[in-house]
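I have placed the structure first, in the form of structure tokens, so that the comments after it can refer back to it.
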Amino acid sequence: MDAQGQIAELLGGAGIEAGFAAISVQSGAQIAVNGAALFPTASTFKVPVMVEVYAQARAGKFAITDRLAMTQAQKTMGSGVIQALDVGLAPTIRDLMMLMIIISDNTATDMLVDLVGAANVTARMRTLGLHDIHVPHKCHGLFLAGWDLPKDGSVGYAEIKAASKARPMPFDSAAFARDGSNNTASAIDLARLMVLIAKAEAGTAEDCADMIAIMETQHFQNRVPRFLPTGSVANKTGSLRGLRNDTGLIRRGPGDTIAFALFTLDTTEMPHGNSRQLQEANVRIETVMGEVGQILWDAFAR
């Protein structure tokens, strides 16, 4: 059985909904399973944000060495560390991109989206020919949508944290919408974005090389890279309730790079706050994602 068949069988038996695509950067060979379907991106939308930051810096709107001071209003919950640090912290724009990508820092992300504008991120994807990548929200907006909270600016960090502790984010909320009103993408278009980065067509050669260098330092390697050689993958994960996503570049050797995107959605209901069940589900699904990576390494476009 070829890679397409192996991955289709694996994902079909996993008890989850999945969207997958892989493209050989050099040959253009492509495989996909439900690859054109829109999925909520979770934090994989941070790669398009990074592309737009570099584009605006190259246009002279700012330098990636400029510093941005964090405000209280920009602090948001979820992954990352700077939400716990003092207001006024002023990392460079490149530092914020590093935090956004390698530890998925939500506050760093929102600082960057405030800088470049979410609408401009989506517009950049269109100029690159990617019509299935939508970024209408920053992280805080996703949380407001997920818990149906007011979007008038009255809900801050403490209120979002309280909502997350009170109840799980409903699967029928706007944060799980499968259209352009939400941060969504198809696996095919997200994999295509990775091809454009790898081929230095998503920005200048220098900027695309730096994007890959940032993704190479990714801390979360327990999904598609799970069983692959250390240092062979540059990637960005994304997580939200029931969502475990991953996208990036697998480098098997010189002139042999695979761009991939894998979305998984598991809507199994679990008791709120049951960490054991959550961790067991994470291991099960992330192992499946790792098996996808292994199949790509062993059998795709050799």
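Are any residues in region 201-224 more than 23 Å from His131 (Cα to Cα) and part of a loop (DSSP other than H, G, I, E, B), and if so, which ones?
If the condition is that a residue be more than 23 Å from His131 (Cα to Cα) and part of a loop (DSSP other than H, G, I, E, B), then Thr217, Gln218, His219, Phe220, Gln221, Asn222, Arg223, Val224 are the ones that fit.
Scan region 72-81 residue by residue and report those that are over 19 Å from the mean Cα position of the chain (by Cα) and surrounded by 12 or more Cβ atoms within 10 Å (Cβ to Cβ). Steps first, answer last, please.
Filtering region 72-81 down to residues over 19 Å from the mean Cα position of the chain (by Cα) leaves 72-75.
Residues satisfying the conditions are Ala73, Gln74, Lys75.
Is it the case, given these coordinates, that Leu296 is touching a residue at least 12 places away in the same chain (Cβ under 8 Å), buried (at least 17 other Cβ atoms within 10 Å of the Cβ) and touching a Phe, Trp or Tyr at 6+ places or on another chain (Cβ under 6 Å)? Let's see the steps before the verdict.
Working: touching a residue at least 12 places away in the same chain (Cβ under 8 Å): yes; buried (at least 17 other Cβ atoms within 10 Å of the Cβ): yes; touching a Phe, Trp or Tyr at 6+ places or on another chain (Cβ under 6 Å): no.
Judged against the criteria, Leu296 is not a match.
With respect to the numbered conditions (1) small (Gly, Ala, Ser); (2) free of Cβ contacts under 8 Å to residues at least 24 places away in the same chain; (3) touching a strand residue (DSSP E or B) at 6+ places or on another chain (Cβ under 9 Å), which one is the sole condition not fulfilled by Ser275?
Failed condition: (3).
Could you list, in sequence order, the residues of region 86-104 that are of a type in the set (Asp, Glu) and either surrounded by fewer than 16 Cβ atoms within 10 Å (Cβ to Cβ) or at pLDDT below 95 (or both)?
At the first step, the residues of region 86-104 found to be of a type in the set (Asp, Glu) are 86, 95.
Scanning region 86-104 gives a single hit, Asp86.
Under 6 Å between Cβ atoms, at least 6 apart or on separate chains: pull out the pairs that start in region 179-200 with a residue that is farther than 11 Å from His131 by Cβ and end on any residue that is in a helix (DSSP H, G or I).
Asn183/Phe45; Ile197/Cys208; Ile197/Met211; Ala200/Cys208
List every residue pair whose Cβ atoms sit under 9 Å apart, with the two residues 6 or more apart in sequence or on different chains, where the first one lies in region 239-259 and is within 19 Å of Leu190 (Cα to Cα) and the second, anywhere, is surrounded by fewer than 20 Cβ atoms within 10 Å (Cβ to Cβ) and aromatic (Phe, Trp, Tyr).
Pairs found: Ser239/Phe220; Asp246/Phe220.
Can you run down the residue pairs with Cβ atoms below 7 Å, 6 or more apart or on separate chains, where the first is in region 1-17 and under 12 Å from Ile31 (Cβ atoms) and the partner is in a helix (DSSP H, G or I)?
Asp2/Ala299; Ala3/Ile295; Ala3/Leu296; Ala3/Ala299; Gln6/Ile295; Gln6/Ala299; Ile7/Val292; Ile7/Ile295
The values are calculated or read from the model by the stated rules, or taken from the named source; none is laboratory data. Model, not experiment: these values are computed from the prediction. Neighbour counts are summed over all protein chains in view; Cβ atoms, including those assigned to glycine, are modelled from backbone coordinates with ideal geometry.
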